1. Collect the residues in segment 1-15 that are touching a Pro at 6+ places or on another chain (Cβ under 6 Å) and at pLDDT below 95, keeping them in residue-number order.
2. Taking the residues in segment 148-183 that are polar (S, T, N, Q) and in contact with an Asp or Glu (Cβ under 7 Å, 6 or more places away or on another chain) as candidates, determine which candidate is surrounded by the fewest Cβ atoms within 10 Å (Cβ to Cβ).
3. Can you say whether residue 213 is among the hydrophobic types (A, V, I, L, M, F, W, C), in contact with a Lys or Arg (Cβ under 9 Å, 6 or more places away or on another chain) and either within 24 Å of residue 155 (Cα to Cα) or free of Cβ contacts under 8 Å to residues at least 12 places away in the same chain (or both), as far as the supplied structure shows?
4. Any chance you could count how many residues in segment 214-245 are of a type in the set (Ser, Thr, Tyr) and either at pLDDT 95 or above or loosely packed, with under 14 Cβ neighbours inside 10 Å (or both)?
5. The conditions are (1) under 11 Å from the mean Cα position of the chain (by Cα); (2) within 20 Å of residue 40 (Cα to Cα); (3) not charged (D, E, K, R), and residue 121 fails exactly one of them. Which is it?
6. Among the residues of segment 28-42, write down those that are closer than 14 Å to residue 127 by Cβ and in contact with a Lys or Arg (Cβ under 8 Å, 6 or more places away or on another chain).
7. Restrict the check to segment 188-201 and report whether at least one residue is surrounded by 14 or more Cβ atoms within 10 Å (Cβ to Cβ), farther than 25 Å from residue 125 by Cα, at pLDDT 95 or above and touching a strand residue (DSSP E or B) at 6+ places or on another chain (Cβ under 9 Å).
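The values are calculated or read from the model by the stated rules, or taken from the named source; none is laboratory data. In this text the structure is predicted, and so the values were computed from the model without any measurement. Cβ placement follows ideal geometry from the backbone for every residue including glycine, while neighbour counts extend to all protein chains displayed.
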Amino acid sequence: MNVTYPDTFFAGAYWGPRKESPEECARRTASFLNLLAECDPFLSHWYKPAKSRKDARKHPLMPPDVVTLTELFRRGANRERGGPAIEPLGFGFWFDNGGAGRDCADLRIFCGGYSEAVSNSCFLSLPSQGANAERLFTAPALARVVRSMAVAWEPDWVAAMSRTHRDEDDKDGKADKWLGWVTYLSRQQGTVPPLPAPVRIEPVEDRGTLIVLTPERFTVANPEHIALAQRVRELLAEAGLLKPASP
């Protein structure tokens with residue numbers, strides 16, 4: 001089956017200032033990549049950044065090696081041209097899983113920042129065509145991915161959704177958090193209230209709560225889905241869970 005979607009999906013984890021060294025960022029990344037590999041075979045292959053896809057294939061990141069990842073984070077430090085690393089701005093790098101065209105996944109990680117001027121995040125872009133997209137665009141698959149992000153990164157919140165859904169949820173561009181098809185909120189954000197069916201709520205260890213809006217694929221073309229999302233957003237807002245995650 002060769003399925004093409006008019007939209008693209010992603011999962012993003014976000015957290016406030018947290019001072020961490022390149023090695024600490026590398027350890028979290030290694031943990032995340034191992035957890036991600038358990039979610040789906042398509043997410044079990046990752047490669048170092050390279051000038052070409054062919055060159056990248058020569059330098060796999062799996063199984064993850066903390067020493068290698070530490071060096072990649074050090075190279076990705078924010079700095080003035082030719083100057084030393086500006087540690088408060090954190091470290092980051094981008095890499096992908098070697099897929100081609102629309103059948104590809106990539107990761108952009110920024111962590112270790114503890115300045116008010118930066119945001120820490122782990123952003124996973126998912127494929128938009130083919131059997132891998134069809135398999136990953138399901139509530140169970142996205143829930144596994146979001147859970148992996150929550151465990152590895154200990155973020156304030158995570159959202160897995162389509163970009164069209166994000167634009168619908170944040171029409172004025174001022175939302176402090178997006179409410180995805182699958183969302184995670186850390187326990188530091190507050191207690192998730194009872195939510196209407198068919199919404200499913202699950203604990204993520206002792207860290208926070210996973211919220212799955214619908215068992216079937218969420219789409220902005222379905223008015224019932226939009227109405228449900230709006231109601232859930234209202235309930236979470238009333239409970240104080242959609243305020244800025246960190247000062």
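1. As a first pass, look at segment 1-15 and keep what is touching a Pro at 6+ places or on another chain (Cβ under 6 Å): 13-15.
Within segment 1-15, none qualify.
2. Selected residue: 164.
3. Spelling it out, residue 213 is indeed among the hydrophobic types (A, V, I, L, M, F, W, C), in contact with a Lys or Arg (Cβ under 9 Å, 6 or more places away or on another chain) and either within 24 Å of residue 155 (Cα to Cα) or free of Cβ contacts under 8 Å to residues at least 12 places away in the same chain (or both).
4. 1
5. (2)
6. Once the filter is applied, which keeps residues that are closer than 14 Å to residue 127 by Cβ and in contact with a Lys or Arg (Cβ under 8 Å, 6 or more places away or on another chain), segment 28-42 yields 39, 40, 42.
7. yes
So that you can scan it fast, the table gives a plain yes or no per residue for (1) free of Cβ contacts under 8 Å to residues at least 12 places away in the same chain; (2) touching a strand residue (DSSP E or B) at 6+ places or on another chain (Cβ under 7 Å); (3) farther than 19 Å from residue 163 by Cβ:
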site: 93; (1), (2), (3): no, yes, yes
site: 100; (1), (2), (3): no, no, yes
site: 108; (1), (2), (3): no, yes, no
site: 111; (1), (2), (3): no, yes, yes
site: 127; (1), (2), (3): no, yes, no
site: 130; (1), (2), (3): no, yes, no
site: 138; (1), (2), (3): no, no, no
site: 142; (1), (2), (3): no, yes, no
